[in-house]
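Q: Take this structure, written in structure tokens, and hold onto it; I'll ask about it next.
The values are calculated or read from the model by the stated rules, or taken from the named source; none is laboratory data. As the structure is a computational prediction, the values presented were derived from the model and not from experiment. Cβ atoms come from the backbone with ideal geometry, glycine included; neighbour counts cover every protein chain shown. Just so you know, the surface numbers come from the protein's heavy atoms only, side chains and all, with ligands and any DNA or RNA stripped out. Shrake-Rupley method; radii C 1.70, N 1.55, O 1.52, S 1.80 Å.
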Amino acid sequence: MVKFSKELEAQLIPEWKDAFVNYKLLKKQIKKIKLSRVPKQEQTPQKDFGYSIFDSVRFVADKLFSSSDNNNNQNIIQVRRKIMEDSEEEVYETELAQLFSEEDEMHVFFARLDEELNKVNQFYRKQESEFLERDDMLTKQLQILLDLKQLIADRRRKNHVPTRSSNGEIFSRSPDQSSRYSESCGESDETNSENSQMDEVISTLAKNGVNFVNSATRVKTKKGKPKTTMRIDIPATTPTKAITAVTSILWEDLVNSSVKEGYGGEFINKRKIQYAEKMIRSAFVELYKGLGLLKTYSSLNIVAFSKILKKFDKVACQTASASYLKTVKRSHFISSDKVVRLMDEVESIFTKHFTSNDRKKAMKFLKPQVQKGSHMVTFFVGLCTGCFVSLFCVYAILAHLCGIFSPNTEQAYMEAVYPVFSVFALFSLHLFMYGCNLYMWKATRINHNFIFEFSPSTALKHRDAFLICTVFMTAVVGAMVLHLLLRAAGFFPGNVDAIPGILLLFFIALLICPLDIFYRPTRFCFIRVIRNIICSPFYKVLLVDFFMADQLTSQIPLLRHLETTSCHILSRVFKTHHPETCSSGRLYMEITYLISFLPYFWRALQCVRRWYDDSDVAHLANMGKYVSAMVAAGARVTYGRQDNNVMFFIVIITSVMATMYQLYWDFVKDWGFLNPNSRNAWLRDDLVLKNKSIYYMSMALNVVLRVTWTETVMHFKVGPIQTRLLDFLLASLEVIRRGHWNFYRLEHEHLNNVGHYRAVKTVPLPFRDADSD
């Protein structure tokens, strides 16, 4: 049977962990009560003189006295409810009878129990008030949206669309990289009815809290028309929205200019209304999620209180906890029904306005079903792993029998096969490390889906990551075996060497395949994030974007192998294959420099954008880290081509500076370590893992793996195959270091969320008063 403490630990909300009742602390206090009462219960054993006729009388008397003692025990505590004068919050305080001394463990237990009850009540009240305030705001936003949609529909029906006057225009502005549009209602006809229509529109939206710019003065145009504006904010969180914010200005200017010239035409931006509706819908989903979490918080806490009070009764041989449990059930976090009523209200609103009264569809949005891990996935992981090991053994035997690594054939074979298969091997290793990260995040209750803003219903699980990894490697080793068999059978080498390229193109086609097969949500999410990284300056940087960009900085060898593979494939397609062009050509070297810089360059651009959005100088300091890495990477590439003393010292200086910069940022900023005032020596105050030695070993391992670049300046005298294998080993070590870094980076982010009790996303809302800018 699972202990309740472990069951509570598994069910509680990780971000609200500190706000839950401290069950373990109260349980320890009960153990102290038990130990303090042991000497009092020790009595001298009495001799047994046999059964007496007075035993039945003594038994009845004991029952009567014990019942009276139980009634007295229920009155030994009295829970008082007080209102604090400064904060007007209610607190509970327990008073015990005089039969206990002030130093007694009973006093300590009930004092801590009062603290826990007051903590739970205060947190529940705070969260409840925030959700109620959020609901009021969302209700106003929804009413504004409905009024706007109704207004547009009415004007279309009555053919009162503002198309023939420069006064009736829709214009857009996007400061802060957000797109806004302003709507002014009017027509070229100078009639009194049009003015009354304008007044009706303004009053309709003003009652929902939206004030128009200059609505008080009602600025008039040349023809006497009142000119007013309202703004709809669409945050530019993706490149599409950011580019739309820029292009919409140009497009609307063209439309407005054509209107001024008298061409006419309707221009009402439906897309912005759709964006606004989507934002409000997402906000309602997050509100409902938060209410559900608060409801779970309440139910888990009442169970924890009842369990701990039962344990107290058992240990202290008292029944006084019954009165305390009644007080707990009358407290606000149990007696308040606002959360339940608000959940019903959100369900009805969402069903009516966002799913056309389809409750089943509405509940799919509000309560998405999380798919449980399938045993079939585990079976296929094992099957593919077995196939991979078997095929790899077959490949090793065939390579030895065919003499593929003999001096006569090794050069051509390595040029054709090594780059492509290294790409798949490094990518599969990174997937394997990500699967290990997912497993550890789940085991340590780190809410990675919330941090990355992934949907729990479609997010990749650790078994899925392992399955993709094993499928990739099984397919790759199978292609390597097929490649060897065809070469041994005497097929034309040019055709046989096309197998690795065909395999690469197949997986690229699978990545962009629009069919709902092979983890389509994950594939499209990956493509979207890569697109966001490439378009870094044009949109607000999210955590998943710069997290993925950091992964790319560890996969520069993979990108360079892709460059070599693409060079061989293109040269064969255009019949201009010269092996030396794909290793020492001028264009090849220029692209090599570009590939070595690009991941760091993208990451530096993200830092600049974050500094622009947040005005935090720390982002510029972070940018300096990636600039130093770019310089060091360029120096190492140059030293590989120009082996002289000057370049040697440049490589040493730039690489040491970049490594020190990176280690400082890893330990202090990304992991939150090296805090001299921490209660955990040179770590941080809060740790997820219980064994602190793991953190110290991880820091040492990170230092060792950060200095693997020293191999590039040593120039070991080994053969071509050994050189390539050594390069692959170093690239693999960097991927392993990145996977190791990922866990502590997300642990630090999770603890920041816990510290601020962030369990639900705050979705930005579209409508606001233009005067607020």
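Q: Mind checking which residues of the range 529-565 are free of Cβ contacts under 8 Å to residues at least 60 places away in the same chain and under 25 Å from the mean Cα position of the chain (by Cα)? Show your work before the answer.
A: Restricting attention to the range 529-565, the residues satisfying the condition of being free of Cβ contacts under 8 Å to residues at least 60 places away in the same chain are 529-530, 548-549, 552, 559-560, 563.
Val529, Ile530, Met548, Ala549, Leu552 - these are the residues of the range 529-565 that are free of Cβ contacts under 8 Å to residues at least 60 places away in the same chain and under 25 Å from the mean Cα position of the chain (by Cα).
Q: Exactly one of these conditions fails for Ser348: (1) under 30 Å from Gln274 (Cα atoms); (2) within 22 Å of the chain's Cα centre (by Cα); (3) among the small types (Gly, Ala, Ser); (4) in a helix (DSSP H, G or I). Give me its number.
A: (2)
Q: I'd like to know if the range 344-358 contains one or more residues that are within 30 Å of Ile502 (Cβ to Cβ) and either in contact with a Lys or Arg (Cβ under 6 Å, 6 or more places away or on another chain) or not charged (D, E, K, R) (or both).
A: Taking the range 344-358 and keeping what is within 30 Å of Ile502 (Cβ to Cβ), we get none.
No, the conditions are met nowhere in the range 344-358.
Q: From the list Val760, Val703, which residue is in contact (Cβ under 8 Å) with a residue 12 or more places away in the chain, under 30 Å from Leu287 (Cα atoms) and not basic (Lys, Arg)? Can you show your working first?
A: Numbers: Val703 fails: under 30 Å from Leu287 (Cα atoms).
Sole residue among the options that is in contact (Cβ under 8 Å) with a residue 12 or more places away in the chain, under 30 Å from Leu287 (Cα atoms) and not basic (Lys, Arg): Val760.
Q: Also: Name the single residue that is nearest to His750 (Cα to Cα) among those in the range 449-461 being small (Gly, Ala, Ser) and at pLDDT below 90.
A: The initial filter retains those residues of the range 449-461 that are small (Gly, Ala, Ser), namely 455, 457, 459.
If we keep only those that are at pLDDT below 90 as well, we get 455, 457.
Values: Ser455: 17, Ser457: 20 Å.
Only one residue tops the list, namely Ser455.
Q: Quick one: in the range 557-602, which of the residues that are outside any helix (DSSP H, G or I) and surrounded by fewer than 15 Cβ atoms within 10 Å (Cβ to Cβ) is modelled with the highest pLDDT?
A: As a first pass, look at the range 557-602 and keep what is outside any helix (DSSP H, G or I): 574-580, 585.
Okay, now just the ones that are also surrounded by fewer than 15 Cβ atoms within 10 Å (Cβ to Cβ), so 574-576, 578-580, 585.
Details: Phe574: 62, Lys575: 60, Thr576: 57, His578: 63, Pro579: 58, Glu580: 64, Gly585: 70.
The qualifying residue modelled with the highest pLDDT is Gly585.
Q: Test each condition in (1) open to solvent by 10 Å² or more (accessible area, probe 1.4 Å); (2) in contact with a Phe, Trp or Tyr (Cβ under 6 Å, 6 or more places away or on another chain); (3) modelled with pLDDT of 55 or more; (4) among the hydrophobic types (A, V, I, L, M, F, W, C) for Val328 and report the one that comes out false.
A: The failed condition is (1).
Q: Residues to consider are Phe506, Phe472, Phe466; find the one that is assigned to a helix (DSSP H, G or I) and without any contact (Cβ under 8 Å) to a residue 12 or more places away in the chain. Spell out the reasoning first.
A: Details: Phe472 fails: without any contact (Cβ under 8 Å) to a residue 12 or more places away in the chain; Phe466 fails: without any contact (Cβ under 8 Å) to a residue 12 or more places away in the chain.
From the options Phe506, Phe472, Phe466, the qualifying one is Phe506.
Q: Open to solvent by less than 50 Å² (accessible area, probe 1.4 Å), touching a helix residue (DSSP H, G or I) at 6+ places or on another chain (Cβ under 7 Å) and modelled with pLDDT of 90 or more: which single residue out of Asp497, Asp464 fits that description?
A: Asp464
Q: Does the range 748-759 hold any residues that are open to solvent by less than 30 Å² (accessible area, probe 1.4 Å) and part of a loop (DSSP other than H, G, I, E, B), and which are they?
A: Taking the range 748-759 as the starting set, the residues that turn out to be open to solvent by less than 30 Å² (accessible area, probe 1.4 Å) are 750, 753-754, 759.
Correct list: Ala759 only.
Q: Quickly run through the range 74-115 and pick out the residues that are open to solvent by less than 80 Å² (accessible area, probe 1.4 Å), at pLDDT below 65 and either of a type in the set (Asp, Glu) or farther than 20 Å from Lys31 by Cα (or both).
A: Ile76, Ser87, Ala97
Q: Inside the range 289-302, can you point out the residues that are in contact (Cβ under 8 Å) with a residue 24 or more places away in the chain and open to solvent by 30 Å² or more (accessible area, probe 1.4 Å)? It would help to see each step written out before you state the result.
A: Step one: filter the range 289-302 for residues in contact (Cβ under 8 Å) with a residue 24 or more places away in the chain, giving 289-298, 300-302.
Correct list: Lys289, Leu293, Lys295, Thr296, Ile302.
Q: Given the residues Arg745, Arg737, Arg724, which is the only one that is more than 17 Å from Met699 (Cβ to Cβ) and either in contact with a Lys or Arg (Cβ under 9 Å, 6 or more places away or on another chain) or of a type outside the set (A, V, I, L, M) (or both)?
A: Values: Arg745 fails: more than 17 Å from Met699 (Cβ to Cβ); Arg737 fails: more than 17 Å from Met699 (Cβ to Cβ).
Among Arg745, Arg737, Arg724, only Arg724 is more than 17 Å from Met699 (Cβ to Cβ) and either in contact with a Lys or Arg (Cβ under 9 Å, 6 or more places away or on another chain) or of a type outside the set (A, V, I, L, M) (or both).
Q: Now for a separate question. Identify all residues within the range 437-448 that are open to solvent by less than 30 Å² (accessible area, probe 1.4 Å) and part of a helix (DSSP H, G or I); write none if there are none.
A: Passing the criteria: Asn437, Leu438, Trp441, His448.
Q: Search the range 360-390 for residues being open to solvent by less than 50 Å² (accessible area, probe 1.4 Å) and hydrophobic (A, V, I, L, M, F, W, C), and hand back the single one that is nearest to the chain's Cα centre (by Cα).
A: Taking the candidates together, the pick is Leu366.
Q: Here are some residues: Ser306, Ser298. Which one is of a type in the set (Ser, Thr, Tyr), more than 27 Å from the chain's Cα centre (by Cα) and assigned to a helix (DSSP H, G or I)? Break it down stepwise before answering.
A: Working: Ser298 fails: more than 27 Å from the chain's Cα centre (by Cα).
Step by step, each of Ser306, Ser298 is checked, and only Ser306 is of a type in the set (Ser, Thr, Tyr), more than 27 Å from the chain's Cα centre (by Cα) and assigned to a helix (DSSP H, G or I).
Q: Anything in the range 419-436 that is more than 16 Å from Asn742 (Cβ to Cβ), open to solvent by less than 10 Å² (accessible area, probe 1.4 Å) and of a type in the set (Gly, Ala, Ser)? List them, or say none.
A: Ser422, Ser428
Q: Going by the structure shown, is Pro521 in a helix (DSSP H, G or I) and over 30 Å from Val496 (Cβ atoms)? Walk me through it before giving the result.
A: Details: in a helix (DSSP H, G or I): yes; over 30 Å from Val496 (Cβ atoms): yes.
Criteria met by Pro521.
Q: Further question on the same structure: Report yes if some residue within the range 360-378 is at positive phi and either out of contact with any Phe, Trp or Tyr (no Cβ under 6 Å at 6 or more places or on another chain) or in a helix (DSSP H, G or I) (or both); otherwise report no. Spell out how you get there, then give the answer.
A: Let us first name the residues in the range 360-378 that are at positive phi, namely none.
No, the range 360-378 contains no residue that is at positive phi and either out of contact with any Phe, Trp or Tyr (no Cβ under 6 Å at 6 or more places or on another chain) or in a helix (DSSP H, G or I) (or both).
Q: Restricting the range 318-345 to residues that are among the β-branched types (Val, Ile, Thr) and outside any loop (DSSP other than H, G, I, E, B), which is nearest to the chain's Cα centre (by Cα)? Working first, answer last.
A: To start, the set of residues in the range 318-345 that are among the β-branched types (Val, Ile, Thr) comprises 319, 327-328, 334, 339-340.
Subset that is outside any loop (DSSP other than H, G, I, E, B): 327-328, 334, 339-340.
Details: Thr327: 39, Val328: 35, Ile334: 31, Val339: 26, Val340: 28 Å.
Per the criteria, the residue is Val339.
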